[in-house]
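In what follows, a single structure is set out as structure tokens and then discussed.
The values are calculated or read from the model by the stated rules, or taken from the named source; none is laboratory data. This structure is a prediction, so every number in the text was calculated from the model and none was measured. Counting neighbours? That spans all protein chains shown, and the Cβs are built from the backbone with ideal geometry, glycine included.
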């Protein structure tokens, strides 16, 4: 071959790669748009529709029907399970993301929450941050790998699930109970980790290996009520409100475990200001510096939640008529409990805080705790390698998720599960579950490439 030909090919290669990247990003956005615009809320949504839409894409690219299955306990609660066949040299791995999303009211949003809107460098829509970016990225990357003829060393099992957001028929829980052998795997990659950004700077990339325990509590005050023209001091609403005011003023004591101590130690050097760096190192020491913990808690809701059990009122309901004294007043208090702390201990503490025997506390369902997973060398080394390549200078740190994920069911089934993601989000502007939920367009495309490299490295 002539040197001029070689030179021409060398000049052409970047353009070809750029075109391939643009094509891959365009397909991922198309999948993302389709998922966001299928309503998958508990009230009127349908995860089966979303699962079947993705199943069509897999079958169209040559996946056998037997390896693309939509399974669920009811017509609207479908889960997608796809098996990308490998050589079998290693045991399978799972990629899991959930299709269901929390409720979103059009009147609360600046735009339609169920239309993917690209504006000012962001993708807006319900589920963009939690968890349809991950679902779309997984789908797009498996389709890409299939088109490239990639033959993994292990089967890759994709699970796009229903009911992670607190539905009555949890998708992962149901799959484990009814199709355990189908999803048996060595480990799983899930949500719960990812990148932390502050003031535009990429600060840390977090690998989730533990999570807090989710527990809803019902607070209830009853009395005989009566006519509103004859008010009495013993009012169910007032008593409940007074108890909730006392709850609002109380903090549980700070407490660390191995994962959170490692987080504060390793994440400290990457913080933007000297005081935060010093405080993070101070809380990680034994004994903990309580003043430093107080400053971190005041600075960031995220730091506060990493440091302690939290309980917060999330719903209120009272009365039966506008012209009657209330016979019943209730509140839902949502607790996120540190691993290893008994639910009974939290209830005991709240009983003291509410300080009113008229306020009855009961459990709403029963908490499902899970033990922290032991960090795997292959998962950590792959993550660190990719982060170093894509985001130089950003440390990879283990973390305890402040929320709850389907990972707890997988861990309890003996499948170590880790939250690993390349999506960076602003720690001071977390919109998951909230108004105008969004992810950055740049960050979405970075995550697409991050997960492509991660899947490849863990299965080559």
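Numbers below:
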quantity: Residues satisfying the stated conditions in segment 376-401, i.e. in a loop (DSSP other than H, G, I, E, B) and surrounded by 18 or more Cβ atoms within 10 Å (Cβ to Cβ); calculated: 391, 394
quantity: Count of segment 290-309 residues which are outside any helix (DSSP H, G or I) and either surrounded by fewer than 18 Cβ atoms within 10 Å (Cβ to Cβ) or not assigned by TED's automatic domain parsing to the domain that holds residue 267 (or both); calculated: 1
quantity: Residue under evaluation residue 370, criteria (1) in contact with a helix residue (DSSP H, G or I) (Cβ under 6 Å, 6 or more places away or on another chain); (2) closer than 30 Å to residue 452 by Cα; (3) part of a helix (DSSP H, G or I), criterion not met; calculated: (3)
quantity: Residue ranges of strands (runs of 3 or more DSSP E) in segment 405-460 with at least 3 members in contact (Cβ under 8 Å) with a residue 24 or more places away in the chain and within 16 Å of residue 191 (Cβ to Cβ); calculated: 417-419
quantity: Qualifying residue in segment 306-318 (condition: more than 26 Å from the chain's Cα centre (by Cα), farther than 29 Å from residue 398 by Cβ and at pLDDT 95 or above); calculated: yes
quantity: Failed item, numbered, when residue 224 is tested on (1) outside the structural domain of residue 39 (by TED's automatic domain parsing); (2) more than 22 Å from residue 449 (Cα to Cα); (3) in contact with a strand residue (DSSP E or B) (Cβ under 6 Å, 6 or more places away or on another chain); calculated: (3)
quantity: Residue satisfying all of: in segment 214-239; in contact with a helix residue (DSSP H, G or I) (Cβ under 9 Å, 6 or more places away or on another chain) and under 30 Å from residue 404 (Cα atoms); surrounded by the fewest Cβ atoms within 10 Å (Cβ to Cβ) among these; calculated: 220
quantity: Residue ID - farthest from the chain's Cα centre (by Cα), chosen from residues in segment 258-289 that are part of a loop (DSSP other than H, G, I, E, B) and under 19 Å from residue 196 (Cβ atoms); calculated: 273
quantity: Boolean, residue 269 is touching a helix residue (DSSP H, G or I) at 6+ places or on another chain (Cβ under 8 Å), loosely packed, with under 15 Cβ neighbours inside 10 Å, at pLDDT 95 or above and farther than 30 Å from residue 86 by Cα; calculated: yes
quantity: Selection status of residue 66, out of contact with any strand residue (DSSP E or B) (no Cβ under 7 Å at 6 or more places or on another chain), surrounded by fewer than 16 Cβ atoms within 10 Å (Cβ to Cβ) and at pLDDT 95 or above; calculated: yes
quantity: The one condition in (1) part of a helix (DSSP H, G or I); (2) modelled with pLDDT of 95 or more; (3) more than 19 Å from residue 448 (Cα to Cα) that residue 30 fails to fulfil; calculated: (3)
quantity: Set 205, 170: member being over 13 Å from residue 267 (Cα atoms) and in contact (Cβ under 8 Å) with a residue 24 or more places away in the chain; calculated: 170
quantity: Selection status of residue 323, on the phi < 0 side of the Ramachandran plot and under 22 Å from the mean Cα position of the chain (by Cα); calculated: no
